[in-house]
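Remarks on the structure that follows.
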Amino acid sequence: SPNEHIVSFIGFAPADDPKIVVYVAVDNPQGIQFGGVVAAPIVHNILADALPYMGIEPRKKQIERDYKYGETPIVTVPNLVGKTVSDIYEDMNMNFNLTSAGSGDTVIRQAPAAGSRVERGSTIRIYLAKDDESNHP
């Protein structure tokens with residue numbers, strides 16, 4: 001049928017000495033029909049589960065990606081919990097937008113979590129409490 005598609009994605013790791021290859025095909029996905037959007041996250045999840053089981057540790061130093069014009073770089077979300085609003089605005093580079101909820105000066109939670117990988121310019125929501133409330137989120 002001209003309206004039915006199979007989308008797929010293949011991934012392998014480690015890139016310079018592959019130990020595992022994962023191929024995912026999705027038959028007739030609903031909505032978006034691109035393998036990089038539909039199947040790639042499934043490959044990522046399988047690799048994220050399989051590599052530690054295989055004893056393959058994440059590498060600390062990776063080759064930095066060269067971004068082309070128009071692409072949005074991916075950055076790591078910093079840990080803001082325990083910091084004050086003034087600390088954040090003094091130290092924060094312009095990789096993120098911030099929104100806040102609650103009242104007070106101290107960050108007690110954040111979303112997305114520290115260590116998450118998001119597009120530069122994404123919004124981090126911080127939840128605030130007064131200093132004396134920060135130990136009781």
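The values are calculated or read from the model by the stated rules, or taken from the named source; none is laboratory data. Because the structure is a prediction, the values reported are computed rather than measured. Counting neighbours? That spans all protein chains shown, and the Cβs are built from the backbone with ideal geometry, glycine included. We work out accessible area using only protein heavy atoms, side chains counted, and drop any ligands, DNA or RNA first. Shrake-Rupley method; radii C 1.70, N 1.55, O 1.52, S 1.80 Å.
Would the range 86-93 turn up any residue that is at pLDDT below 80, farther than 25 Å from residue 10 by Cα, outside any helix (DSSP H, G or I) and open to solvent by less than 100 Å² (accessible area, probe 1.4 Å)? The answer is yes, given that some residue of the range 86-93 is at pLDDT below 80, farther than 25 Å from residue 10 by Cα, outside any helix (DSSP H, G or I) and open to solvent by less than 100 Å² (accessible area, probe 1.4 Å).
For beta carbons closer than 8 Å, sequence separation of 6+ or different chains, a first residue in the range 68-93 that is closer than 17 Å to residue 128 by Cα and of a type in the set (Ser, Thr, Tyr) and a second that is modelled with pLDDT of 85 or more and open to solvent by less than 60 Å² (accessible area, probe 1.4 Å), the qualifying pairs are 84/106; 84/107.
Restricting attention to the range 1-22, report how many residues are of a type in the set (S, T, N, Q) and touching a helix residue (DSSP H, G or I) at 6+ places or on another chain (Cβ under 9 Å).
Going through the range 1-22 one residue at a time, the tally reaches 1.
Among the residues of the range 30-50, none qualifies, meaning not one is open to solvent by 80 Å² or more (accessible area, probe 1.4 Å), within 20 Å of residue 116 (Cα to Cα) and part of a loop (DSSP other than H, G, I, E, B). Pairs linking a residue in the range 102-118 that is on the phi > 0 side of the Ramachandran plot to a residue that is of a type in the set (Gly, Ala, Ser) and assigned to a loop (DSSP other than H, G, I, E, B), with Cβ atoms under 9 Å and 6 or more positions apart or on different chains, are 104/134.
From the list 120, 109, the lone residue that is of a type in the set (Lys, Arg), open to solvent by 40 Å² or more (accessible area, probe 1.4 Å) and closer than 21 Å to residue 41 by Cβ is 120.
Is it fair to say residue 103 is of a type outside the set (Asp, Glu), in contact with a Lys or Arg (Cβ under 8 Å, 6 or more places away or on another chain) and loosely packed, with under 10 Cβ neighbours inside 10 Å?
Considered against the rule, which asks whether it is of a type outside the set (Asp, Glu), in contact with a Lys or Arg (Cβ under 8 Å, 6 or more places away or on another chain) and loosely packed, with under 10 Cβ neighbours inside 10 Å, residue 103 comes out as yes.
In the condition set (1) over 21 Å from residue 126 (Cβ atoms); (2) not in a helix (DSSP H, G or I), residue 101 is compliant with all but (1). In the range 6-27, the condition of being within 19 Å of residue 119 (Cα to Cα) and surrounded by 14 or more Cβ atoms within 10 Å (Cβ to Cβ) is met by no residue. Quick check: is even one residue across the range 110-122 outside any strand (DSSP E or B), among the charged types (D, E, K, R) and modelled with pLDDT under 90? Within the range 110-122 (the criterion being outside any strand (DSSP E or B), among the charged types (D, E, K, R) and modelled with pLDDT under 90), the answer is yes, since at least one residue qualifies.
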